[in-house]
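Participant: If you scroll down you'll find the structure; I have some questions about it.
The values are calculated or read from the model by the stated rules, or taken from the named source; none is laboratory data. Since we're looking at a predicted model, the values are computed, not measured. Methodologically, a virtual Cβ is constructed for each residue, glycine included, from the backbone with ideal geometry; neighbour enumeration extends over all protein chains shown.
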Ligand code: PMT
């Protein structure tokens, strides 16, 4: 799971020595979850092979307007490719390509795609020191910014000519970091801090046994990813799960018991904007935890339980600016019980899932939920993937801040 997941990127490569770095760049973009369509200018073939790039991107690489080698001539539709892209990245962008972008020339496929693009355009210039600091290059970069193109600054260092200075294309890792940062800045939940609980809690009986439940953590993890993809900084407090998340805006804190989850949530609650309680927190825990493994002896064995703190209710009691979203997992009188929880826990929204609905609740990759807000407006949704439910929850947060 990653922040560029599903992003369609057209990577335009023009003819400079830095083109050799695009093999790593393609790998990094794909690893970050993007789909990459490589377009090469004719000159760039001197520096990197289309075979390498098509192997890495798992797509044919295009250079020409026409595929004259095929029996039935076809053409590569620059308008379709431009509209397909969520983002056009031209790296390396040579002095020649920059100049043509400024003037509106369209004498190769990449330039025609550039002129047709409606998506954000990023350029990573690369050239020798004297070319980079030439007034015409500096002016061209400024003009491109007036076209709303985003320049990824060249880096300083040793250049292919042997000169040392500015002009090296930004390293692929830095280009990726730049894109991530830039995309996050334009996202609707940028600046928001969201605290999310996920998974089960385990309540220890002795060093080897515990009381737990069937929560896989998926609903909470999918919600964390969806929120981060919309630009929020997420703190994900998770009980023991097999789920994994990799996103620069998500910090995962692993806990075991309800008490630990309670403490971590309270230590991060004050300055958070939204709290989402997707965890299936154990309501009770053993009153005492045996320090050694309990031996099998009597036929009956009784464990005395005591109540765990209710994390959500305790946060509801102290909330100020926070938008509080709870879940309700019910087996009977679903709507009434969920409405009671809204009042008892001082929630803004509850996401009700019922174990009576096939494909909803624990363990499964899908969920069927009903949103109920503070005014008791009821919004039942159809069965869908947990990723899609997560996006619906994030849309509710976006509506709240709209
Ligand atoms: O993890 P998955 O396999 O993907 O399954 C997802 C899920 C079914 C666990 C999830 O969608 C869900 O419903 N989570 C809440 C389950 C639950 O504990 O419901 P509840 O009705 O008992 O609790 C109501 C709310 O209070 C929940 O937001 C819960 O996190 C919170 N709570 C409950 C008890 C407690 N001691 N502290 C709490 O914060």
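Participant: For the range 286-304, does any single residue satisfy the condition of being within 11 Å of the ligand (Cβ to nearest atom) and crowded, with 16+ Cβ neighbours inside 10 Å?
Facilitator: In the first step, residues of the range 286-304 are kept if they are within 11 Å of the ligand (Cβ to nearest atom); the result is none.
The answer is no, given that none of the residues of the range 286-304 is within 11 Å of the ligand (Cβ to nearest atom) and crowded, with 16+ Cβ neighbours inside 10 Å.
Participant: Another question, if that's okay. Just checking, does the range 198-221 include any residue being under 27 Å from residue 384 (Cβ atoms), more than 10 Å from the ligand (Cβ to nearest atom) and in contact with a helix residue (DSSP H, G or I) (Cβ under 9 Å, 6 or more places away or on another chain)?
Facilitator: The answer is no, given that none of the residues of the range 198-221 is under 27 Å from residue 384 (Cβ atoms), more than 10 Å from the ligand (Cβ to nearest atom) and in contact with a helix residue (DSSP H, G or I) (Cβ under 9 Å, 6 or more places away or on another chain).
Participant: Additional query: Quick one: is residue 243 over 16 Å from residue 195 (Cβ atoms) and at pLDDT below 95? Even if it seems obvious, please write down each step before you answer.
Facilitator: Working: over 16 Å from residue 195 (Cβ atoms): yes; at pLDDT below 95: no.
In short, no.
Participant: Does the range 320-359 hold any residues that are in a loop (DSSP other than H, G, I, E, B), surrounded by fewer than 20 Cβ atoms within 10 Å (Cβ to Cβ) and free of Cβ contacts under 8 Å to residues at least 40 places away in the same chain, and which are they?
Facilitator: Residues satisfying the conditions are 320, 331, 332, 333, 346, 355, 356, 357, 358, 359.
Participant: Which helices (runs of 4 or more DSSP H) sit wholly inside the range 113-217 and have at least 3 residues that are modelled with pLDDT of 95 or more and outside the structural domain of residue 237 (by TED's automatic domain parsing)? Break it down into steps so the answer makes sense when it comes.
Facilitator: Numbers: elements: 129-133, 135-146, 172-185.
Result: 135-146, 172-185.
Participant: Just to verify a result, which residue in the range 86-105, among those that are more than 22 Å from residue 167 (Cα to Cα) and without any contact (Cβ under 8 Å) to a residue 12 or more places away in the chain, is surrounded by the fewest Cβ atoms within 10 Å (Cβ to Cβ)?
Facilitator: As a first pass, look at the range 86-105 and keep what is more than 22 Å from residue 167 (Cα to Cα): 86-87, 104-105.
Still in the running and without any contact (Cβ under 8 Å) to a residue 12 or more places away in the chain: 104-105.
Working: 104: 9, 105: 15.
Step by step, filter the range 86-105, then rank; the result is 104.
Participant: Turning to a different aspect of this structure: Kindly indicate which of 313, 280, 358 is within 12 Å of the ligand (Cβ to nearest atom) and closer than 21 Å to residue 381 by Cβ.
Facilitator: Working: 313 fails: closer than 21 Å to residue 381 by Cβ; 358 fails: within 12 Å of the ligand (Cβ to nearest atom).
Step by step, each of 313, 280, 358 is checked, and only 280 is within 12 Å of the ligand (Cβ to nearest atom) and closer than 21 Å to residue 381 by Cβ.
Participant: Continuing with the same structure: Looking only at strands (runs of 3 or more DSSP E) that fall completely inside the range 261-307, which ones have 3 or more residues that are within 39 Å of the chain's Cα centre (by Cα)? Please lay out each step first, then the result.
Facilitator: Details: elements: 274-277, 284-286, 305-307.
It comes to 274-277, 284-286.
Participant: Please state which one of 345, 319, 341 is near the ligand (Cβ under 6 Å from one of its atoms) and assigned by TED's automatic domain parsing to the domain that holds residue 217.
Facilitator: Working: 345 fails: near the ligand (Cβ under 6 Å from one of its atoms); 319 fails: near the ligand (Cβ under 6 Å from one of its atoms).
Within the list 345, 319, 341, the selection yields 341.
Participant: Taking the range 294-328 on its own, how many of its residues are at pLDDT below 95 and within 15 Å of residue 272 (Cα to Cα)?
Facilitator: Selection size over the range 294-328: 1.
Participant: Among what's in the range 370-395 and is assigned to a helix (DSSP H, G or I) and touching a strand residue (DSSP E or B) at 6+ places or on another chain (Cβ under 6 Å), pick the residue that is nearest to residue 323 (Cα to Cα).
Facilitator: We begin by selecting, within the range 370-395, every residue assigned to a helix (DSSP H, G or I); these are 386-395.
Remaining after also requiring touching a strand residue (DSSP E or B) at 6+ places or on another chain (Cβ under 6 Å): 386, 389.
Numbers: 386: 21, 389: 18 Å.
In this case the residue turns out to be 389.
Participant: To continue, here is another question. Which of the numbered conditions does residue 51 fail, given that it passes all the others? Conditions: (1) within 24 Å of residue 153 (Cα to Cα); (2) modelled with pLDDT of 95 or more; (3) not in a loop (DSSP other than H, G, I, E, B).
Facilitator: It fails just one condition, (1).
Participant: Give just the number: which of (1) near the ligand (Cβ under 10 Å from one of its atoms); (2) without any contact (Cβ under 8 Å) to a residue 60 or more places away in the chain does residue 308 not satisfy?
Facilitator: (2)
Participant: Residue under question is residue 221, and the condition is that it be touching a strand residue (DSSP E or B) at 6+ places or on another chain (Cβ under 8 Å), at pLDDT 95 or above and not assigned by TED's automatic domain parsing to the domain that holds residue 388; does it hold? Quick ask: steps written out before the conclusion?
Facilitator: Details: touching a strand residue (DSSP E or B) at 6+ places or on another chain (Cβ under 8 Å): yes; at pLDDT 95 or above: yes; not assigned by TED's automatic domain parsing to the domain that holds residue 388: no.
No.
Participant: Continuing with this model, one more query. What are the residue pairs meeting all of these: first residue in the range 196-223, first residue closer than 15 Å to residue 285 by Cα, second residue within 6 Å of the ligand (Cβ to nearest atom) and not in a loop (DSSP other than H, G, I, E, B), Cβ atoms under 6 Å, and 6 or more apart or on different chains?
Facilitator: Note: pairs meeting the criteria are 200/280; 201/258; 213/280.
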